[in-house]
Amino acid sequence: VSDQKPLGCWSVKHGQIITCPVVCNFETHEYVAVHDDKVLRIWKNQDINLDKVFKATVSLLADVYRIHSLPNGGPVVLFKGGGVRTLDVLLEAPQQEIENVISDEVIKWSEAFMEGQQPVLIFATEKDGDFFVYVQKLKMNSLHKYKLEQQELSKPLSFMAYIKKQIITLLCLYSNDSVYKVLIPLQQNTEEEEQILPKSLLLNLSVSGSVLKGTSFVVLDKDHVAVLGRLAVSGEESKECLTIWNTKFQTLQTSKELPLGTSGQLWCYEEKFFFTHGKVLTVIMYKCETSSLAAAVGKLKDSQTPDVSSFVNWNTLEDEELAASLPSEQPVALKSESRMSLRSKRNTVAKVQPDTLSVGQLLLNLKNASTTVFEDELRQLMSKVQMPDLQATIGCVVTALINRCKTNPKYYPRNFLLQIVQTQDLSYSLCPDLMAVALEKKDVYLLQICLQRFPDIPEEITCACLKVFLSISEAYLQRIDVNLESVICYIDIELNNKEVKTEIVENGFNVELEQDIWDTKITKETHLTAGGEFCPVGPQKAALLNAILHSAYSETFLLPHLKNLPAQQAVLFLRYLYYLYVKCSEKINTALPGIRCPTISQIMDWMCLLLDAHFTVMVMLPEAKGLLSDLHRFVRAQVRFYSELNKIEGSLRELQRLNHQKDPQTYSIEVLELI
């Protein structure tokens, strides 16, 4: 999620439907999915085609409702009829009969826990307006059924549960805009078929005449819950909001409007919220501390204007909705920059100085300052901030610098920006306009460093960098700074016609390297390799292109932008990729020497992408004809070579097996004939 890159994608056949959420088996590191209610698919990360992975079909009379994965207990399968099996037991006999424990009831929600070494499953059902709760302990094979106490003119919309000290706490969000709490003892000795569970009011979702029509909620800790829903104010149109409530003092801690809309679902995992906002998955970090009355009523700090957003960082949503860098009405405190902190500890009050300014307020005060004062204050700000607030603060500093660049085209603090990018762990999402300004200024060195250090660069920006790198002349590149560490060991460089030769001997293959300083004019002859093959670009341009090859991408998003690359640039890039491909093939380990050099996989992937994007153009261009022919011959020769190796693979494995069977302490000479 942090890198904004897909790591894997699997598809079922056309007409098949995945019918419950996919889970991970923590014990075997496998994924488990169900499609069409009956077919289980189990696969690992390296598997590509779901049709070829493990498949099991359950009984015709049983439909899977949900699979729950427990960290220490393995996956648990819940069927729509209320039957429960562990995944291991189910796979031993997939066609086994599954009992129906509920009659004419529909499962509305389920959850699984580990109580010690005991897996516990709880699920809620509905029948004719009545709601029931089932608790099953798998190892003891015990099942208890309860009935929820009815609430006049309202019904449960969403459930949440947790287990502590042998007691299950079930929270229910009702349609009357309230959250109720139900306690279920895990140790149950009574044999009654059905007990009625009393409930108590935990939270009323209304404040100052506004009512929250909740759709889903999560428990943050014993005193805080987060509710996603529509906030209705009399006389106004309701708005979707994410809200955080203090259940101990019955107060709304903070809320945030979600104008792009949500799916109505909210998840919480490892102190992070997950929910869809518009077309994106939004992740917001939070941290709850000990609840206090001062925090609940917003009086922790002596403030003239109470503002809930002053202690909550909604920066993720600000970027999505407004792309606003420093909104003055939502200051971000230095003490809580990258994590959303619910103010509550009394002992933190003493640490907050009256003159402490938020990052946003400080940067606003510097808006009209002179360049020298502006940069000095920003350097001091970065030196004061401590982790985990440093990264977000640095992002604000870079954004402030870029904003000044936009308002004053003559201002461009290149050295300051380079220093920040080289010394701090930044990402593209923290300062999205940085690379856009560098592209406008054609600052290829800054772009190279960003490509090397940012893990989440969009494919559109990557292709824009590629266009700039390919379009800049070699003469211009010789006059500017470029990091050459990725090319210095395999592209020969000459200075004043003086050669410095280094010999590398690897498996009988000799390579002569001419390594020297790079700031003089480089002619075509200086890029001649030991094998007589010319590098089609100079070392500076090669180093920039290597940074492109190392960048992360998704093929689906990259191809449309790659197709916009001019034909001549596409041919030049393909020539360089072919050159790298040949150089890699000279080595027995198919690896280029040096630091941050492209791998054979990266080279092959980009060659395939480039040919996919420009194949028709390549075929039509006369200057590309020879290149494609050479590439075809080289690949064909390699295919034949590896085909011959495959023929003797079995013999080599047999030889290895024979060697393992023999006593290594004895000495012998054997002649083996490969037929």
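The values are calculated or read from the model by the stated rules, or taken from the named source; none is laboratory data. It should be emphasised that the depicted structure is a prediction, and the values quoted were computed from it without experimental measurement. For neighbour counting, all protein chains shown are included, and Cβ atoms are generated from backbone atoms with ideal geometry for every residue, glycine included. All accessible areas refer to the heavy atoms of the entire protein, side chains included, with ligands and DNA or RNA removed. Shrake-Rupley method; radii C 1.70, N 1.55, O 1.52, S 1.80 Å.
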- Message: Suppose the filter is modelled with pLDDT of 80 or more and either open to solvent by less than 60 Å² (accessible area, probe 1.4 Å) or not aromatic (F, W, Y) (or both); does Q361 pass it?
- Response: no
- Return yes when L610 is at pLDDT 90 or above and either out of contact with any Pro (no Cβ under 7 Å at 6 or more places or on another chain) or of a type in the set (F, W, Y) (or both) and no when it is not. yes
- Query: Counting only residues that are assigned to a strand (DSSP E or B) and without any contact (Cβ under 8 Å) to a residue 40 or more places away in the chain, which one in segment 225-237 is nearest to K165 (Cα to Cα)?
  - Reply: G229
- Enumerate the pairs (first residue in segment 33-56 and over 18 Å from P75 (Cα atoms) and touching a residue at least 24 places away in the same chain (Cβ under 8 Å); second residue anywhere and in a loop (DSSP other than H, G, I, E, B) and small (G, A, S)) with beta-carbon separation below 8 Å, excluding pairs fewer than 6 apart on the same chain, so at least 6 apart or on different chains. L50/S11
- Which ones in segment 223-248 are of a type outside the set (A, V, I, L, M) and modelled with pLDDT of 85 or more? D223, H224, G229, R230, K239, E240, C241, T243, W245, N246, T247, K248
- Can you name the residue in segment 461-485 that is closer than 12 Å to I548 by Cα and not hydrophobic (A, V, I, L, M, F, W, C) and is also surrounded by the most Cβ atoms within 10 Å (Cβ to Cβ) among such residues? T462
- Does segment 139-150 include one or more residues that are loosely packed, with under 13 Cβ neighbours inside 10 Å, touching a residue at least 12 places away in the same chain (Cβ under 8 Å) and of a type in the set (K, R)? yes
- Quick one: is E111 acidic (D, E), at pLDDT below 90 and open to solvent by 20 Å² or more (accessible area, probe 1.4 Å)? no
- Note on the structure: A62 fails exactly one of (1) buried (at least 21 other Cβ atoms within 10 Å of the Cβ); (2) touching a Leu at 6+ places or on another chain (Cβ under 7 Å); (3) among the aliphatic types (A, V, I, L, M); (4) in a loop (DSSP other than H, G, I, E, B), namely (2)
- Query: In segment 422-477, which residues are acidic (D, E) and in a helix (DSSP H, G or I)?
  - Reply: D433, E440, E459, E460, E474
- Being among the small types (G, A, S) and buried (at least 19 other Cβ atoms within 10 Å of the Cβ) is the filter here, so list the residues in segment 114-138 that pass it. A124
- Members of segment 174-230 found to be open to solvent by 30 Å² or more (accessible area, probe 1.4 Å), under 34 Å from the mean Cα position of the chain (by Cα) and not charged (D, E, K, R), listed by number: T215, V219
- Message: For the list (1) in a loop (DSSP other than H, G, I, E, B); (2) surrounded by 17 or more Cβ atoms within 10 Å (Cβ to Cβ), I need the number of the one condition that L580 fails.
- Response: (1)
- Query: Is there a residue in segment 451-463 that is in contact with a Phe, Trp or Tyr (Cβ under 9 Å, 6 or more places away or on another chain) and under 20 Å from R404 (Cβ atoms)?
  - Reply: no
- Note on the structure: Looking across segment 598-634 at residues that are of a type in the set (S, T, N, Q) and under 26 Å from the mean Cα position of the chain (by Cα), the single one that is farthest from L545 (Cα to Cα) is S601
- Pairs, please: C-beta under 6 Å, at least 6 apart or cross-chain, first residue closer than 12 Å to C268 by Cα and in segment 281-292, second modelled with pLDDT of 80 or more and of a type in the set (A, V, I, L, M, F, W, C)? T282/F275; V283/F274; I284/F273
- Name every residue in segment 415-425 that is more than 28 Å from the chain's Cα centre (by Cα) and either at pLDDT below 75 or surrounded by 13 or more Cβ atoms within 10 Å (Cβ to Cβ) (or both), in order of residue number. F416
- Note on the structure: The correct count of residues that are assigned to a strand (DSSP E or B) and either out of contact with any helix residue (DSSP H, G or I) (no Cβ under 8 Å at 6 or more places or on another chain) or small (G, A, S) (or both) in segment 253-280 is 9
- Message: It is to be established whether one or more residues within segment 76-92 are open to solvent by less than 30 Å² (accessible area, probe 1.4 Å) and more than 25 Å from E30 (Cβ to Cβ).
- Response: yes
- Assess whether L171 counts as being aliphatic (A, V, I, L, M), out of contact with any Gly (no Cβ under 9 Å at 6 or more places or on another chain), open to solvent by 30 Å² or more (accessible area, probe 1.4 Å) and under 19 Å from P156 (Cβ atoms). no
- Mind checking which pairs have a first residue in segment 388-409 that is modelled with pLDDT of 85 or more and a second that is open to solvent by 30 Å² or more (accessible area, probe 1.4 Å), Cβ under 6 Å, 6 or more apart or different chains? I402/D433; C405/Y412
- Message: Name the single residue that is farthest from the chain's Cα centre (by Cα) among those in segment 238-252 being in a strand (DSSP E or B) and farther than 16 Å from T215 by Cα.
- Response: T251
